[in-house]
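K.L.:
Just passing along the structure, written as structure tokens.
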Amino acid sequence: MPVNTPRPKVRLSRALGIPLTPKCVQYFERRPYPPGEHGRKRRKDSDYSTRLKEKQRLRAQYDISETQLRAAFDRAKRSGGKTGEALIQDLESRLDATVLRAGFARTIYQARQFVTHQHVLVNGTRVDRPSYRLEPGDFIQVAEKSKKKDPFLVAASGAHAEAPKYLEVRLADLVARVERTPGRDEVPVICEEQLVVEYYSR
């Protein structure tokens with residue numbers, strides 16, 4: 001394994017059964033089973049462990065703490081709609097997730113770093129909180145001085161994933177607008193959110 005490989009993320013990817021970064025894909029495909037000496041052995045998980053794993057998968061894909069996920073679940077439960085779908089929509093409204101979906105960053109980890117280092121503006125104001133919630137009509141952009149930095153030059157060239165339809169993106173200018181709340185089928189998160197709902201509702 002190359003020296004610069006994100007070993008903890010590779011190990012976590014294998015444990016959760018999903019590649020968490022583009023770099024992890026090749027290692028995950030090579031060893032698509034959990035790490036450790038018993039990783040290859042198939043064992044039937046209990047209902048609790050299945051729900052727990054799904055919750056951990058969701059947490060890992062947004063790189064958030066247990067407290068943050070629980071708070072998002074509580075908000076989703078109070079929303080009045082389908083709790084699982086509302087949970088995903090709540091997480092997608094995070095600033096770091098929007099930076100990722102807009103194609104300004106390669107991974108959620110990079111998106112979070114961009115926000116905390118104050119490279120991102122929301123409605124013209126610098127925001128350094130990855131958990132900041134966006135609403136339809138809000139727009140984000142990369143600060144003018146930051147646009148000259150290599151990671152943003154790469155992003156502006158369209159090197160990352162194509163933005164979903166609920167965002168209006170001018171990639172060359174590194175500007176994006178939240179058009180509407182996303183539908184579940186538009187969110188590229190691997191998760192059976194109903195299992196997460198069942199985990200927290202137990």
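The values are calculated or read from the model by the stated rules, or taken from the named source; none is laboratory data. From a predicted model like this one, the values you see are computed outputs, not experimental measurements. Note that we place each Cβ from the backbone using ideal geometry, even for glycine, and neighbour counts take in every protein chain shown. Ligands, DNA and RNA are excluded from the accessible area calculation, which covers all protein heavy atoms including side chains. Shrake-Rupley method; radii C 1.70, N 1.55, O 1.52, S 1.80 Å.
K.L.:
Within the stretch 76-135, can you find the residues that are acidic (Asp, Glu) and open to solvent by 30 Å² or more (accessible area, probe 1.4 Å)?
P.N.:
So in the stretch 76-135, the residues acidic (Asp, Glu) come out as 85, 90, 92, 96, 128, 135.
Listed by number, the residues that qualify are GLU85, ASP128, GLU135.
K.L.:
Among residues belonging to the stretch 144-160 that are touching a helix residue (DSSP H, G or I) at 6+ places or on another chain (Cβ under 9 Å) and open to solvent by less than 80 Å² (accessible area, probe 1.4 Å), point out the one that is modelled with the lowest pLDDT.
P.N.:
That would be HIS160.
K.L.:
Same structure, new question: Of the residues that sit in the stretch 101-127 and are of a type in the set (Ser, Thr, Tyr) and not in a helix (DSSP H, G or I), which one is farthest from ASP63 (Cα to Cα)?
P.N.:
Within the stretch 101-127, the match that is farthest from ASP63 (Cα to Cα) is THR125.
K.L.:
Inspect all residues belonging to the stretch 162-171 and state whether any of them is basic (Lys, Arg), at pLDDT 95 or above and under 17 Å from ARG106 (Cα atoms).
P.N.:
So far as the stretch 162-171 goes, yes, one or more of its residues are basic (Lys, Arg), at pLDDT 95 or above and under 17 Å from ARG106 (Cα atoms).
K.L.:
When only residues in the stretch 173-190 that are open to solvent by 20 Å² or more (accessible area, probe 1.4 Å) and among the hydrophobic types (A, V, I, L, M, F, W, C) count, which is farthest from ALA156 (Cα to Cα)?
P.N.:
Among them, the one singled out is ILE190.
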